[in-house]
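In what follows, a structure is listed as structure tokens, so that the remarks can point back to it.
The values are calculated or read from the model by the stated rules, or taken from the named source; none is laboratory data. Just so it is clear, the structure is predicted and the values come from calculations on it, not from any experiment. Cβ atoms come from the backbone with ideal geometry, glycine included; neighbour counts cover every protein chain shown. Protein only, heavy atoms only, side chains kept; ligands, DNA and RNA dropped before computing areas. Shrake-Rupley method; radii C 1.70, N 1.55, O 1.52, S 1.80 Å.
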Amino acid sequence: MASTFSQRLFGLRAKLLRRYEHGPFVRCLSGLYGCRWRRYERSGGPPGDCCCSKLEGAAFALLVAAFCLTLLFLYFWGQAENDYNDFDWFNFGHLGFWFPWSVVLLVISAGLFTYVTVLMLLAVCLLSEGQKLHLHWSHKVGILICLIFSIVATAVLSDLWGEEWTTLLLSFQVTAPYLHLGSVLLMTSLAWPIALHIFRMNGRVRKMLIFRVYLAILFTLYLVPLGLYSPCIKEKGTLGPAPALIGHRGAPMLAPENTLMSFEKAVEAGCDGLETDVAISYDGVPFLMHDHNLQRTTNIHEVFPNRTNTPAAMFTWSELESLNAGSWFLSQNPFGTAGSLGQEERRQAENQSICSLQDFLQLAGQTHKLVIFDLYRPPYGHPYSNSWIQRTLDVLYKVSSIQSSQVLWLPSDMRSLVHQTDPDLQQTSGSRLPLEELQRNHIMKLNLPYSSMSAELISEYSAVNITTNLYVISQPWLYSLAWCSGVHSVTTNAPQLLRTLKSPLLLMSPEEYRLMWILTDVLSLLLVIIIFYFHRWRERAFCSEEERKLDNSSYSQIKTEMENIWSVSSSNCQTEKMVNMPTVTEP
């Protein structure tokens, strides 16, 4: 029994010491990475030699840089999904035609990142097999294209849309704990090829340099959670109620924006309030329109082809009523959701017209919804350019049935006069002002972009009974962050989606997070120690075995044994022995 156990133990030790040459696998790697399908066997360097030439080393450095930059851009653009619609309409305003550029950019960035990631995996596998790197020239061109695309796209978006970097920073408050987990797992998995390479290298300086750099990165990742902050890591029982939902121009994913159908859909989706934009027609009728002109959301190019660039406020109400404000939604499908509409809904959407403020307020009054709107001053020369606020108040009081307490009054012009006229209006500020000024102007609510999100700021305003509304939030992760931060309401394009969330995404207690963090770091450290110790023992044991064989065997026996255990990546001890071995002439 003891003899059998010893034999099994010896056999296991022999298997661990044996170095296998994975010929077909290495040939495939070499072919994909450098198109060296028949020359892979000559790509293995001498034991302890450098992994590649200086030129190939520079190419590998560019590959690593391309991987990092494409990963950064893909993450950045993926987190910017909340604002894709704004990006596409921004391009529409400059190019004059509609196209889903945001999705195209996402697909391109995902494709380039996948390509670079595959090359990185091939390079790591080749190094693990002891092969020298010979990147094909076509891949070098591809890497340069990835680098140029990532740098140019990042620079252009930073210049035109720099506020999206704030979105990226906000996303870290939700994803950072999980990005930390993934980073530690990645560095732990790299311990195998790095340890293998270190213990087969010549040169103590290079060994220590690689080892110290790896440890520095690993321990930095271990300590990253000390500097992390996330409002979604909070004690149980301290989470407040979900933010109320205000439909941004109605429910623009389900119906054409700023139309009566859109607001009806928002009510059906469970919105607590409705948001819109108000302009004054040339004959004094307040109507709903976000853009300065009518090109994007109407068929003005068919009805008034010579007035496509004319401001919307310079049309009379009868002219505005003659325009179709819904067919564009079906043809351009801005959110990719038009296909979800039934036949009856499609017919209804196709026949929508521009909505008046009166109809909008009537709907809100009947359904007991809050309303908030931007009020645009008419251009110079307009008959109501000096009385646009009074004209709006006339509709509010004399025509509609809505209660003043349902109106979040956002326009800042003549605010004190409006408050004196009707103190029941909920005065709302669109800018972040000092508390004294807000209280002096009787501000009850702040309407801020979501990039202003701050749990401390929200808590500070809430302490003096000033609530906060953030716009425009349509992604679940961003809504979850607002929920955890204590936001009171959000303006959204997707009320039908956010209404289904029962709790914030990625919510955890500090104790749960500390447990996840500590377990991840401890398990990672143990695995790294085991991997490095295993490779150190394996290389030393292998060297000892080879020394014994070289001392007790003839040259032919040495040759036979070396053919059985020789791998593409040979150890340093083999090279030293072969150098010192006397030359033997075969008979």
>> Looking at (1) more than 30 Å from Glu257 (Cα to Cα); (2) surrounded by fewer than 19 Cβ atoms within 10 Å (Cβ to Cβ); (3) not aliphatic (A, V, I, L, M), which one does Pro231 not meet, given that it meets all the others?
In response: (2)
> Just wondering, is there one or more residues in region 120-143 that are within 27 Å of Ser451 (Cα to Cα) and at pLDDT 90 or above?
Replying inline: no
>> Here is a list: Ser262, Ser318. Which entry is part of a helix (DSSP H, G or I) and closer than 21 Å to Asp374 by Cα?
In response: Ser262
> Residues of region 153-188 being at pLDDT 90 or above, open to solvent by 30 Å² or more (accessible area, probe 1.4 Å) and more than 18 Å from the chain's Cα centre (by Cα), which ones?
Replying inline: Leu185, Leu186
>> Residues to consider are Gln427, Gln475, Gln406; find the one that is in contact (Cβ under 8 Å) with a residue 40 or more places away in the chain, of a type outside the set (Ser, Thr, Tyr) and touching a His at 6+ places or on another chain (Cβ under 8 Å).
In response: Gln406
>> For the condition open to solvent by 20 Å² or more (accessible area, probe 1.4 Å), at pLDDT 70 or above and in a loop (DSSP other than H, G, I, E, B), what is the one hit in Arg36, Arg27?
In response: Arg36
>> Can you list residue pairs whose Cβ atoms sit under 6 Å apart, with the first residue in region 134-160 being basic (Lys, Arg) and the second being surrounded by 13 or more Cβ atoms within 10 Å (Cβ to Cβ) and part of a helix (DSSP H, G or I)? Count only pairs 6 or more apart in sequence or on different chains.
In response: Lys140/Ala59
>> As an exercise: evaluate Tyr479 against (1) modelled with pLDDT under 90; (2) buried (at least 20 other Cβ atoms within 10 Å of the Cβ); (3) among the aromatic types (Phe, Trp, Tyr) and give the number of the one condition it does not meet.
In response: (1)
> Which residues, counting only those in region 482-522, are in contact (Cβ under 8 Å) with a residue 12 or more places away in the chain and of a type in the set (A, V, I, L, M)?
Replying inline: Ala482, Val487, Val490, Ala494, Leu497, Leu498, Leu501, Leu505, Leu506, Leu507, Met508, Met516
> Residues of region 444-476 being assigned to a loop (DSSP other than H, G, I, E, B) and either hydroxyl-bearing (Ser, Thr, Tyr) or open to solvent by less than 40 Å² (accessible area, probe 1.4 Å) (or both), which ones?
Replying inline: Met453, Ser454, Ile466, Val472, Ile473, Ser474, Gln475
> Of the numbered conditions (1) open to solvent by 30 Å² or more (accessible area, probe 1.4 Å); (2) part of a helix (DSSP H, G or I), His134 satisfies every one except a single condition; which is it?
Replying inline: (2)
> Hey, does region 89-111 have a residue that's farther than 28 Å from Ala494 by Cβ and either basic (Lys, Arg) or assigned to a helix (DSSP H, G or I) (or both)?
Replying inline: no
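Residue by residue, here is whether (1) exposed (fewer than 15 other Cβ atoms within 10 Å of the Cβ); (2) at positive phi; (3) not hydrophobic (A, V, I, L, M, F, W, C) holds:
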site: Ser53; (1), (2), (3): yes, no, yes
site: Val64; (1), (2), (3): yes, no, no
site: Asn85; (1), (2), (3): no, no, yes
site: Val103; (1), (2), (3): yes, no, no
